[in-house]
Ligand code: FAD
């Protein structure tokens, strides 16, 4: 079922989760163990992230280096299918521009339809580890809006090969990313919002946000979107704090701010257990407030901390 149908049929705020595919070399059992305690909350859908290949340099016996391609977390599509099969829940694979030619994207979309997947979250992806700025694959998409147009085309039965025109139409519900604190490459919020609007005009059905720790920023973002005519559902993305290192890692990696009230409390903690307690309380207050204000879905980045998310959702 489509994310937008879940929202349309809901009587209140829904719950959804986001997980990573297992690291290569690990089985799927750890992922099931991660999800098992969360399934009692009946998530409407589960997102599975996409992780592109990286180039790494391996030292040879003679001291020279060999450039090899490594993909640490393959399997987004099959993990979606496995989750659907085990838990009978809808899944949302993330699909990125980086590392894909348009032909490979088309094949990936066809495979997703064969697997019975109704949703995709369309993203650009970040720069590869060895690049300073995002570089599209030769013949690949430069922005999420370009990838989105390809998905929208396929939904209209327009394939890359002309002679396939007017055949099977896919029916993907398309989500895109939004940034309450601005995407780090955008020159300003207004410009970023105009590009977000372009994604909606190109066919995005809903927006899901980057994590944030200050609800005021989310509400201001929603208001700014509505003011420029972005009228699709906007789903807040939420993540708990559980160790002190996150105070520097999260702003650096995700280009977000942590409110002083939160960081001051975390700095007072002596152990990670204390930080986790603070993080859980903060997330619960955020969630209660967002629910009260009628957000369509609370989307939790569960990454490694399912019990924290479970405690929060239980309290809700
Ligand atoms: P875009 O919408 O393409 O925007 C990228 C930048 O370009 C922005 O600064 C925007 O303002 C600007 N821009 C957009 N269109 C144009 C245009 N036409 N001309 C000029 N500038 C333009 N990454 C992964 O690799 N895998 C994942 O699974 C993943 N999941 C994510 C889930 C969520 C909810 C979010 C918020 C992010 C996720 N990311 C993931 C990270 C994401 O790929 C990065 O944030 C990436 O840098 C931007 O992706 P985007 O889709 O927002 O890009």
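Computed from the coordinates by the stated procedures, all read-outs in this text should not be read as laboratory data. Remember, it's a predicted structure, so these values are computed and weren't measured experimentally. Reconstructed Cβ throughout: ideal geometry from the backbone, glycine too, with neighbour counts over all protein chains shown.
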Seminar exercise, completed: Where a ≥ b ≥ c are root eigenvalues of the Cα gyration tensor, a/c under 1.5 meaning rounded, otherwise prolate if a/b exceeds b/c and oblate otherwise, the stretch 38-196 counts as rounded
Problem set entry | Least to most buried among 95, 262, 164, 115 (fewest other Cβ within 10 Å first) | 164, 115, 262, 95
Exercise. If you average the sequence gap of Cα pairs under 8 Å that are 6 or more apart and divide by the length of the stretch 224-315, what percent do you get for the contact order?
Worked result: 41 percent
Seminar exercise, completed: Between the modelled labels at residue 69 and residue 189 (7 Å from Cα along Cα→Cβ) the distance in nm is 4.1 nm
Exercise. Taking every DSSP beta bridge that has both residues in the chain, what percent is antiparallel when rounded to the nearest 5?
Worked result: 15 percent
Exercise. Taking other Cβ within 10 Å of each residue's Cβ, how do 183, 94, 168, 141 sort, fewest first?
Worked result: 168, 183, 94, 141
For this session: Counting only C-alpha contacts under 8 Å and six or more residues apart, can you give the relative contact order of the chain as a whole percent?
Result: 18 percent
Problem set entry | the chain: calculated mean residue ellipticity at 222 nm from DSSP helix runs of at least 4, using -39500 (n - 2.57) | -12000 deg cm²/dmol
Problem set entry | Global form of the stretch 3-315, assessed from the alpha-carbon gyration tensor, a/c cut-off 1.5 | rounded
Problem set entry | Prolate/oblate/rounded call for the stretch 197-267, Cα gyration tensor, a/c under 1.5 rounded | prolate
For this session: Could you calculate the contour length gain from residue 60 to residue 289, that is, 0.36 nm times the residue separation minus the distance between their Cα atoms, to one decimal place in nm?
Result: 76.9 nm
Exercise. Which whole-number percent is the relative contact order of the stretch 201-240 (Cα, under 8 Å, 6+ apart)?
Worked result: 62 percent
Exercise. Considering only DSSP beta bridges with both partners in the stretch 1-150, what is the antiparallel share in %, to the nearest 5?
Worked result: 35 percent
